[in-house]
1. How much solvent-accessible surface does residue 334 expose, in Å² to the nearest 10, with a 1.4 Å probe and all protein chains in place?
2. Can you list which of the DSSP-assigned H helices in the chain have a Cα extent of 15 Å or more along the long axis and an average Kyte-Doolittle score of at least -0.5?
3. Once label points are set 7 Å from the Cα along Cα→Cβ at both residue 282 and residue 124, what is their separation, rounded to one decimal in nm?
4. Once a ≥ b ≥ c are taken as the square roots of the eigenvalues of the Cα gyration tensor of region 55-309, is the result rounded (a/c under 1.5), prolate (a/b larger than b/c) or oblate (a/b not larger than b/c)?
5. Testing the spin-label approximation: label points 7 Å from Cα along Cα→Cβ at residue 328 and residue 273. State their distance in nm.
6. Sort 317, 256 from largest to smallest accessible area, using a 1.4 Å probe on the heavy atoms of the protein chains.
7. Once amide H atoms are placed 1.01 Å from N in the peptide plane, what residues at a sequence separation of 5 or more from residue 271, or on another chain, have their amide H within under 5 Å of its amide H?
8. Is region 177-323 rounded, prolate or oblate when judged by the Cα gyration tensor, a ≥ b ≥ c being the square roots of its eigenvalues, rounded requiring a/c under 1.5 and prolate requiring a/b larger than b/c?
Amino acid sequence: MTSTGSAGTTAGVAEDGLDVSRVRRDFPFLRARINDHPVVYLDSAATAQRPRAVVEAESDFALLEYANVHRGVHTLSQRATARYDQARERVRRFVGAAAASEVVFTAGTTAAINLVARSHARPLLRPGDEILLTEMEHHSNIVPWQIVAQEAGAVIRVIPVTDAGELDLDQAAHLIGSRTRVVAVAHVSNVLGTVNPIPVIAELAHSVGAVLLVDGAQAVPHRRVDVQALGCDFYAASAHKMYGPNGIGFLWGRRELLEAMPPWQGGGGMIEVVSFDQTTFAPPPARFEAGTPPITQAIGLAAAVEYLEALGWEAIERHEATLLAEATRRLAEIPGVRLIGNSADRVGVVSFVVDGIHPHDVGTVLDLGGVAVRASHHCAQPLMRRFGVTGTVRASFGVYNTLEELDALVAGLHEARRVFGG
Ligand code: PMP
């Protein structure tokens, strides 16, 4: 975490981890002051800040090269199409996919999961079929399945979470069966930071002929993803969680599955031939990208991938592990603070409650000190019920956070206890 040297890119890398002061210079946002304090941004799990390289990639394209893709014969349109295709190729490499045609650009994780629920699962589901979820899912990986299950008369089953905040895999083995058609699991929990054992779950899903969708929204900024090594069938993620723009994400799907799926939205760009009697559809990924796609955002997403890869996964992981260990240790020392979950494999996310103080009140006092945390149910109400709370305070770390910033978090919590007597 110290600066012992750096690579000659905007993304500084030190031998023993990240050159954080250099990284911080890439994020002008971090110069902001909130309530007369330097901002301490501990809400990257909600949305990560963007480095200059990402915003500049987008603005350069928008100011100098902008045109629509696919349909133009003019030079600018051809260039824009090439840039859009390169962005897809960037994402292909980023997730270790076999082909760029397996990468569908979507509006984000939510849209990607809805696409699979609507287009893969819905036509396949019969009454009594089962969809297996987990107790730690974000609402984005619950509600789309519930909607199609209700339409089809299918049943939702749920893998429970242990006190440590891990999936109960013994229970999973009992819950999965010959009626299971889809298993949908978060790679990383947005509340607990737990990294789930996807290869084990993939084996379980495939042993009964089910497909596995992984919600990767919280994994992509923290861990190298290799969809082939994970063994899943679909992988969904959002650019805004990984230092990229909002309004874009992606779905990776196995080629044979995508090819068998009908479109979920109709429009320009996803057809081969249209007449009033009949339309034939383009192959994936175009089949699932009706209308003008988020071109500028795709270029921003590609720049975010480059930024992360230039920092290096080992350095990112080491930096975040240090922050997590230190945050966990220091929070546990504060009287009345109860940490939720303590999984063996975690990314930089800590959730906690403070005895006798509502999470919103904790969040408000922290905000007065310039510290941005999330205080809510985190779109994971079933998990809140599992832990017997209505909400938690969540501090989530990114590549730009420092150990010094934990001082502000800890000071704010002492202040909340003083103000509210917790
Ligand atoms: N899944 C998880 C685990 C998340 O944390 C989020 C974002 N909070 C989502 C899905 C939804 O992502 P988006 O809102 O970008 O579609």
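The values are calculated or read from the model by the stated rules, or taken from the named source; none is laboratory data. From a predicted model like this one, the values you see are computed outputs, not experimental measurements. Note that each Cβ is placed from the backbone with ideal geometry, even for glycine, and that neighbours are counted across all protein chains shown. For the accessible areas, the whole protein counts, side chains as well, though only heavy atoms, and no ligand, DNA or RNA atoms are used. Shrake-Rupley method; radii C 1.70, N 1.55, O 1.52, S 1.80 Å.
1. 10 Å²
2. 295-311, 313-332, 403-420
3. 2.5 nm
4. oblate
5. Using points 7 Å along Cα→Cβ, the separation is 6.1 nm.
6. Accessible-area ranking of 317, 256, largest first: 256, 317.
7. 282
8. oblate
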